[in-house]
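Each remark here refers to the structure printed beneath this line.
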Amino acid sequence: MASALPIDLAGTACLLDGRRALYWHAAQTLVLADVHLGKGEAFRRQGVAIPSGHTQADCDAIAALLDDYRPQRLVVCGDLFHDRIRGDEGWLAALQALCHRHRQLTFDVVLGNHDRKSAALPDLGMHWHAELVLPPFVFHHEPQSDPRGYVLAGHLHPVVRLRGMGDALRLPVFWQRAEQAVLPAFGSFTGGMAVEAAAGERLYALSESSITPLAAGTGAALSKGASRCVF
């Protein structure tokens with residue numbers, strides 16, 4: 001198993017996984033955000049030369065997490081898909097194989113802005129929600145306050161950019177805030193928005209080999225209008 005760190009969210013024991021995932025022990029629930037399956041294919045439809053294989057790699061990464069944690073439920077906080085779905089696209093076979101292999105799993109997806117591009121979503125046993133309430137958590141796509149509970153969301157693709165010695169490094173982060181937490185984008189072919197933790201907030205830089213709590217002030221300030229991010 002990759003790096004993992006116990007973390008408390010709303011008084012609830014969770015495990016932050018360096019593979020850009022969160023595991024909620026008591027509910028046996030694995031949480032991801034912003035997978036963006038089919039993004040490479042969407043670019044190629046527009047004539048952009050993008051290498052293939054991202055969707056298969058992401059499905060394999062989800063399968064590895066499911067094998068390691070053996071959860072009863074998988075929740076995706078929006079943007080499981082990147083663009084409208086075409087039935088003849090080969091990448092759907094990778095998702096179908098994943099769903100068939102784990103057909104006993106409850107697979108919940110909160111609709112993201114990219115998911116809404118599809119008039120008809122594939123029937124693979126997934127449950128689609130505008131938002132999902134599983135106390136003490138409320139799952140949204142866009143970060144926001146919610147009186148019903150502590151919010152877990154995605155959408156922003158938070159990263160930090162570390163600079164020093166004439167070099168720079170971009171790392172995905174889990175952003176823990178007072179009333180909400182923002183998961184990093186899970187997809188291997190996604191952009192990122194540089195963020196900085198305010199007072200009382202925490203950032204955790206993630207990689208398969210390590211999870212690093214970052215000092216206050218690390219990274220770049222969140223730009224105005226970030227809630228409308230559409231990576």
Linear extension gain, Asp8 paired with Leu162, 0.36 nm per residue minus alpha-carbon span: 52.8 nm
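Order these peptides, 134-140, 124-130, by their mean beta-carbon neighbour count within 10 angstrom, highest first.
134-140, 124-130
Quick one: length gained pulling Ala199 to Asn113 fully straight, 0.36 nm per residue minus the C-alpha distance? Could you put the intermediate results ahead of the total?
On the way: separation 86, 0.36 × 86 = 30.96 nm, distance 2.96 nm.
Gain on stretching Ala199 to Asn113: 28.0 nm.
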Modelled label-to-label distance, Ser210 and His129, 7 Å Cα→beta-carbon offset: nm? 3.6 nm
To the nearest 0.05, the calculated FRET efficiency linking Arg170 and Cys99 through their beta-carbon distance, R0 being 30 Å, is 0.40
Give the peptides 96-109, 7-20, 141-154, 175-188 in descending order of average Cβ contacts within 10 Å, highest first. 175-188, 141-154, 7-20, 96-109
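Only the coordinates and a few stated rules stand behind these numbers; no lab work does. All of these numbers come straight from a predicted model, not from anything done at the bench. Counting neighbours? That spans all protein chains shown, and the Cβs are built from the backbone with ideal geometry, glycine included.
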